[in-house]
1. Using semi-axes √(5λ) of the Cα gyration tensor in Å as the read-out, say which of (1) 43, 17, 12; (2) 32, 17, 13; (3) 34, 20, 15 was calculated from these coordinates.
2. Once whole DSSP H runs in the chain are found, which of them have Cα atoms spread over 24 Å or more along the helix axis and a mean Kyte-Doolittle score of at least -0.5?
3. Binning at 5 Å from 0, report for the stretch 57-159 what percent of all alpha-carbon pair distances ends up in each bin.
4. What is the distance in Å between the Cα centres of the stretch 14-77 and the stretch 89-159?
5. Can you tally the lysine pairs in the stretch 42-158 where the Cα-Cα distance is under 30 Å and the two residues are eight or more apart, or on different chains?
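Just so you know, all these numbers are worked out from the coordinates, no wet-lab data involved. As the structure is a computational prediction, the values presented were derived from the model and not from experiment.
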Amino acid sequence: TRQSRETQSLENIRRRQTTERAEKLYEYFYCIAQQTPWQWKNEQINPDKEIGKIMEGNACVQMFCPAFVRVAHFFARCSAETNALITTLAVLRYKADKGQLPEKLDELVSAGYLKTLPTDPFSGGPFVYKRIGDDFMLYSFGEDCDDDSGTRSKWGTGEKGGDQVFWPVEQKNK
């Protein structure tokens, strides 16, 4: 039964094995944290699977590791939100100064509004920018790391994926 396997696993914990596994996990965490979810997808890295292999058979290590990938995704989301805010403010400043929206995000760099284009950690490139009449759309690929043409979702985590749209801001019904 599951409970007897867990009990046996706890009884069989060895200090040296636990220390070695923990060190291996920290090394893996450090390496994986240096990459974006887009890089994980491109390089076919599955952090959950790799962490599972390292944790296997050691209940002590299993207790403190399951949240790592969620933390890494949270960090990527925070980075995306910050970069999208910087990009949105640059677009709005450009429009206020020039009376029109830029045709492409590259114009923000050439006009001096940004030093470089901020990167979407879920696409490996700049955010997607589309002019829509007098307004624009700015979005990230989201956690599914693919372009769903600006289909709103909560970070691409829905059943059908989707994108994280930063602009225009979605109006909430009161």
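1. Given (1) 43, 17, 12; (2) 32, 17, 13; (3) 34, 20, 15, the structure-derived one carries the label (1).
2. Details: long enough: 15-33 (26 Å, -1.03); 68-98 (45 Å, 0.35).
For the chain, where a helix must reach 24 Å along its axis and average at least -0.5, the hits are 68-98.
3. Each 5 Å bin holds this share of Cα pairs: 2, 12, 20, 20, 15, 11, 7, 5, 3, 2, 2, 1, 0.
4. Between the Cα centres of the stretch 14-77 and the stretch 89-159 lies a distance of 31 Å.
5. Lysine pairs meeting both conditions in the stretch 42-158 amount to 14.
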